[in-house]
Amino acid sequence: MTVLPLLLVLQVYFDGVPVPCLVDTGATMTVLSATQAERIGSRSGPFAKVRAQTVSGQPLWGDVWRIPNVGTDSIGWSHALPLVVPAKSMTHDCVLGTDLLGQQPIVIDWVRREVRAA
């Protein structure tokens, strides 16, 4: 029997630009590929360089961006600070982490494949 992972991907808007993001309740930070960050544009831009660590223990260098308007169709977050990394270091263009998911009470509905405010 093959067990497939249950993945939840949401459309998240970064300064109005839609980006499909993998919901990862085990990730402490939201991470964007540099390709997606370029699509969002220069309204935000990098302000700090940081070293993070992947779940496999590999180091990951990137730039933290300050993006004032981030949200889905039903949830909004202000002052997001995603880590922007080279696209080749990611399997998805965006990982939505607990830095945003934990800002307010939410419901993750696996049946409807959505995240909404509690």
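Nearest 500 deg cm²/dmol is fine: what mean residue ellipticity at 222 nm does the chain get from its DSSP H runs of n ≥ 4 alone, each adding -39,500 (n - 2.57), divided by its residue count? Could you put the intermediate results ahead of the total?
Working: 2 runs with 11 residues, N = 118.
It lands at -2000 deg cm²/dmol.
Could the peptides 50-59, 9-18 be put in order, highest first, of the mean number of other beta-carbon atoms found within 10 Å of their residues?
Peptide ranking by packing, descending: 9-18, 50-59.
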With each pseudo-label sitting 7 Å past Cα toward Cβ, what's the ARG116-ALA52 distance in nm, one decimal?
2.9 nm
For segment 69-77, what does the Karplus curve 6.51 cos²θ - 1.76 cosθ + 1.60, with θ = phi - 60°, yield as ³J(HN,Hα) per residue in whole Hz, taken in order and with x for Gly and Pro?
10, 9, x, 9, 5, 10, 10, x, 10
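Which net charge results for the neighbourhood of GLY71, defined as the other residues with beta-carbon distances under 12 angstrom from its beta-carbon, given Lys and Arg at +1 and Asp and Glu at -1? Please report the intermediate quantities before stating the final value.
Numbers: positive: ARG116; negative: ASP15, ASP73.
Computed value for this residue: -1.
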Tell me, what is the percent relative contact order of segment 16-102, built from C-alpha pairs under 8 Å that lie six or more residues apart?
45 percent
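For the chain, take the alpha-carbon Rg, divide it by the Kirkwood Rh, and send me Rg/Rh.
Numbers: Rg = 14.0 Å, Rh = 14.6 Å.
Using only Cα positions, Rg/Rh for the chain is 0.96.
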With every protein chain in place, what's the accessible area of MET29 (1.4 Å probe, Å², nearest 10)?
60 Å²
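The values are calculated or read from the model by the stated rules, or taken from the named source; none is laboratory data. Because the structure is a prediction, the values reported are computed rather than measured. A quick note on method: Cβ atoms are made from the backbone with ideal geometry, for glycine too, and the neighbour counts reach across all protein chains shown. With ligands, DNA and RNA removed, areas are computed over all heavy atoms of the protein, side chains included. Shrake-Rupley method; radii C 1.70, N 1.55, O 1.52, S 1.80 Å.
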